[in-house]
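Presented below is the structure to which this report refers.
A short reminder: the numbers here are calculations on the coordinates, not readings from a lab. Every value quoted in this text rests on a predicted model; they were computed, and no experiment measured them. In this analysis, Cβ positions are derived from the backbone assuming ideal geometry, glycine residues included, and neighbour counts consider all displayed protein chains.
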Amino acid sequence: MPDDLKNGRIVIVGASLAGLRAAEALREEGFTGSLTVVGDEPYAPYDRPPLSKQVLLGQATADTTELPMRRDPEAEWRLGVGATGVDLLARRVLLEDGESLPYDRLLIATGTRARPWPHPEEATLDGVFTLRTREDGKGLAERLAAGPERVLVIGGGFTGSEIASACRELELQVTVAERGPAPLVGALGGTLSKLAAVMQRNHGVDLRTGVTVTALNGNGAFTGAQLSDGSRVEADVCVVALGAVRNVEWLADSGLAAGPRGIACDAGCRAFTMYGIVTDDVFVAGDVSRFPHPLFGYQMLSLEHWGNAVEQAEVAAHNMINPGPLQRPHLSIPVFWSTQFGLNIKSVGVPTYSDHVVIAQGSLEARRLAMVYGYKGRVTAAVTVDMAKSLDYYRHLIETAAPFPPPPGAADRAIAADVPIPSDVPDPSVLSHGPTVALTGHLPDRRLSVV
Amino acid sequence: MASETLLARITDYASRPNPYPLYAELREAGPVVQQVDGTYLIGTYHEIAALLHDPRMSVDPRTGGVEVQQLPFLRLDDPEHHRLRTLAMWPFGPPHSPRRVDGMRDEIDQITKELLASFEAGEQVDLVDDFAYPLPVAVICRLLGVPREDEPLFRAWSDALVAAADVRPGADTTETDKAGDQARVEMGGYLLNLAEQRRGKPSDDMLSAFVNEPDAALRLTQQELAETAVLLLIAGHETTVNLITNGVLTLLRRPEQLDHLRREPELLPRAVEELLRYEPPVHMRERIPRADLDIAGTPVPRGASVILALASGNRDPKRFHDPDRFDPTRADNQHLGFGSGIHICFGGPLARLEAQAALGALLPRLGTARLVEDPPPYRQNAMLRGPRHLPIRL
């Protein structure tokens, strides 16, 4: 009864990028029923990437990153109210204010939050921040604008590196402490992480690798930190950039397959129950989801990517209001970008799903290159540094499972384009920063030897 | 007729008013259609888009064995292309001059107003000679720092260069090539001379910025400066004229769309995008494989000439819904009007601004305007396709 699907009650839990885009897409595709969007932050949907870039640099304020609406989703917005549970049998979402919302179909898009510093008391020291929300961005931007003596960034992932880059642009002294061998190593592997380390040091970052922060010091206000190598960093601002935690706790008793790596769903965004049975009225999209992808061995992917949130939300919305044979799979290739230390880094595919890499175009010396990642003889990912316009070509190679290394003939071909070297992606458990892409398949702790 | 003569038929002057049925034939016969002269012709959107992003596709004529001395970045591959394009972009666009183009808005409006001031209701004008040509010429002159009164001088050079760059299968190109080479040398010398006059006396134009660049690493050599300046001056006015003229022609042919735009001028930016799809100023570009390739199942050898019919890709029903309909409200419109990939139109943002300003200023006057001749007489050029004249009665 396709007509019925265009009507009824839809509840979306999560009022950020995925939630908003799904709401818009539902209306765009002709949903005429009632639509309620629940969000625990008291704000209309806003964009997060600028929080670690323009906002810290003072080029924009944290309250100006509201997401533009492509159309009025004609939704009832329940903002500032968290969801505390879902009753799958009664089809109701429970809210923290005691109310419950009945639904015919539910979309879960609760995303992630910043992983907090593990010692709660140290985490509350004045001057200790995480960066995920608008308030985080506002607070940190104000503190940086006040001109601290030194900023300590814990974690050399993308967020940590972007914060360090912003600090240097503001001419602030900054120390980055990373437990792994180099920044970005978890996302990009060995070779590019070495470039990232060189760029950080060239830009005046005090980069400490192979160390962990053992304690944050201060009496009320943060004054510095102890490192595992016995040294101490004197600083007055600390940013904890240890990756993200998926917002799934509220689903603990729901019977859905929700865990630390996200909520498992099928390629059509339909959630699984804890028994591995697919639901047909509960859908998942965005950072909180984990979904199988045929190009990556059908492993379950967890992505923290802006583009994935948009595309998955649109697929989920489509499937929520269309009958089975008209439903679509979410098969898009993961893409993300980062700007730091004057470099534009873009990635397509899943770089961690690799055993070897080649520099296909450009060179490390020129700071402009395309690195191609291969797994068992086929192309699975590419990362460009200041060469973003080449990305579509490599995306096409990934989509068509092209042989690795890529064929000869490219302009600006690197001398070593035929010399694959190990991709050198470390086990994520040895890093400070959490991965922004994770393969969470059958053997998630041995990601490179599966399939 | 056989598909291996398609390029000859498309470039035949008789096809200029309406090459679109031939493009449909090309897509039908495609995606890759080899021509009698050995050229490979491609007219389907997805194949064109993929090849425009393919680093194995060269724009450098030397890849095809043609001997040339000096080339502008339009005909160079990376990394040389990237270096020169970046240096040329320095005084023109982001990241170093992000406000340059937008900052010309008032000036473009002013020039537009001056040109339209002499238009009287009931009068017959040639939209090309009286408006669509002088506007971009004035803008690019201002931007580069070239005296507008020298227009007759560089128009002759530009004509010769554009003719030499056209696609003419089977024609003897010795004379046009020679004339093109001579024009390039003369025009380069002329522009270098203008740049020299600004050395040490910087003014607010691009020639001045090029010649007064203090950082040696960011400075163009004399030869590079000449090639770049020639390219920018020609590209700056040979294409926008078609965009504006095609826009007026398209709207006058569709009174209901013209009415719609007159009622909702805020649709103009979208309408300009739709024009870039529906009647693009640049119809074809050439690429040369740097290695033996397989393109959609057809082997194409290294060094072959591959012609990408951008205007055909723009009408591909596999990409665009109802592609032969001009729809100024079209939303999903990733057209090939400016190309794509690393060689995507350098001056695109400026062309958009000029076309929006020009059509916006003309809209109030087009309500009663009529085409005097339809189809109008076209320029010879098949690659840069557009009317030579567009007589209209206001």
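Partner chain Cβ atoms within 10 Å, averaged over the residues of A:402-415 - can you pull that number for me?
Taking all residues of A:402-415 together, the mean is 4.
Through the Karplus equation 6.51 cos²θ - 1.76 cosθ + 1.60, θ set to phi - 60°, convert the phi angles of segment B:123-130 into ³J(HN,Hα) values in whole Hz; use x for Gly and Pro.
Rounded to whole hertz, the list is 7, 9, 10, 9, 4, 6, 5, 8.
Could you state, as a whole-number percent, how many of the C-alpha pairs of segment B:25-100 are farther apart than 15 Å?
It works out to 69 percent of all Cα pairs.
So what is the 222 nm mean residue ellipticity for chain A from helices alone, if each DSSP H run of at least 4 adds -39500 (n - 2.57) and you divide by all residues, rounding to the nearest 500 deg cm²/dmol?
My calculation for chain A gives -5500 deg cm²/dmol from helical runs alone.
Classify segment B:110-262: rounded, prolate or oblate, from the alpha-carbon gyration tensor (a ≥ b ≥ c, eigenvalue square roots; a/c under 1.5 rounded; otherwise prolate if a/b is larger than b/c)?
oblate
Looking at the calculated P(r) for the protein assembly as shown, what percent of the C-alpha pair distances fall above 34 Å? List each step's numbers first, then the result.
On the way: 210373 of 356590 pairs.
Across the protein assembly as shown, Cα pairs with separations above 34 Å total 59 percent.
Under 29 Å between alpha carbons: how many lysine pairs meet that in chain A, if sequence neighbours fewer than 8 apart on the same chain are excluded?
Final tally of qualifying lysine pairs is 11.
Rounded, prolate or oblate: which one fits segment A:360-427, using the alpha carbon gyration tensor with axes a ≥ b ≥ c (rounded when a/c is under 1.5, else prolate when a/b beats b/c, else oblate)?
rounded
Among A:143-155, A:227-239, how do they line up by average Cβ neighbours within 10 Å per residue, starting with the highest?
Working: A:143-155: 19.8, A:227-239: 17.8.
So the order, starting with the most tightly packed, is A:143-155, A:227-239.
In whole Å, what are the extents of segment A:1-61 along the principal axes defined by its C-alpha atoms, from largest to smallest?
Principal extents (Cα only, largest first): 52, 21, 11 Å.
Could you put B:GLU25, B:GLU279 in order, starting from the residue whose Cβ has the fewest other Cβ atoms within 10 Å?
B:GLU25, B:GLU279
Could you tell me the convex hull volume per residue, in Å³, taken over the Cα atoms of segment A:62-106?
Normalising the Cα hull of segment A:62-106 by residue number yields 110 Å³.
In whole Å, what three semi-axes, largest first, describe the equivalent ellipsoid of segment B:311-394 built from its Cα gyration tensor (square root of 5 times each eigenvalue)?
Values for segment B:311-394, descending: 25, 17, 17 Å.
Taking Rh as the Kirkwood radius, which is the inverse of the mean 1/r over Cα pairs, what is the Rg/Rh value for segment A:39-126? The partial results should precede the final answer.
Numbers: Rg = 16.9 Å, Rh = 16.1 Å.
Taking Rh as the inverse mean 1/r over Cα pairs, Rg/Rh reads 1.05.
Which FRET efficiency value, to the nearest 0.05, do you get for B:ARG155 and A:ALA146 by plugging their Cβ-Cβ distance into 1/(1 + (r/R0)^6) with R0 = 60 Å?
On the way: r = 59 Å, r/R0 = 0.99.
Rounded to the nearest 0.05, the efficiency is 0.50.
For the residues B:TRP157, A:TRP77, what sequence is obtained by ranking on other C-beta atoms within 10 Å, fewest first?
Ranking B:TRP157, A:TRP77 by Cβ neighbours within 10 Å, fewest first, gives A:TRP77, B:TRP157.
Seen from all sides and averaged, what is the projected area of the convex hull of the Cα atoms in chain B, in nm²?
With every direction weighted equally, the projected area is 18.8 nm².
In whole angstrom, how far apart do the alpha carbon centroids of segment B:77-148 and segment A:219-288 sit?
Computed from Cα coordinates, the inter-centre distance equals 52 Å.
What fraction of the DSSP beta bridges in segment B:3-393 is antiparallel, stated in percent and rounded to the nearest 5?
Working: 19 of 23 bridges.
In segment B:3-393, DSSP labels about 85 percent of beta bridges as antiparallel.
Which semi-axes, in whole Å and largest first, does the equivalent ellipsoid of segment A:116-242 have when worked out from the alpha carbon gyration tensor as the square roots of 5 times its eigenvalues?
21, 16, 13
Starting from the Cα of A:ALA215, step 7 Å toward the Cβ, then list every residue of segment A:109-146 with an amide N under 18 Å from that point.
Only A:117-126, A:128 pass the distance filter.
Please label the shape of chain A as rounded, prolate or oblate, based on the square roots a ≥ b ≥ c of the eigenvalues of the alpha-carbon gyration tensor (a/c under 1.5 means rounded; beyond that, a/b larger than b/c means prolate, else oblate).
Working: a/c = 1.84, a/b = 1.22, b/c = 1.51.
Here chain A falls in the oblate category.
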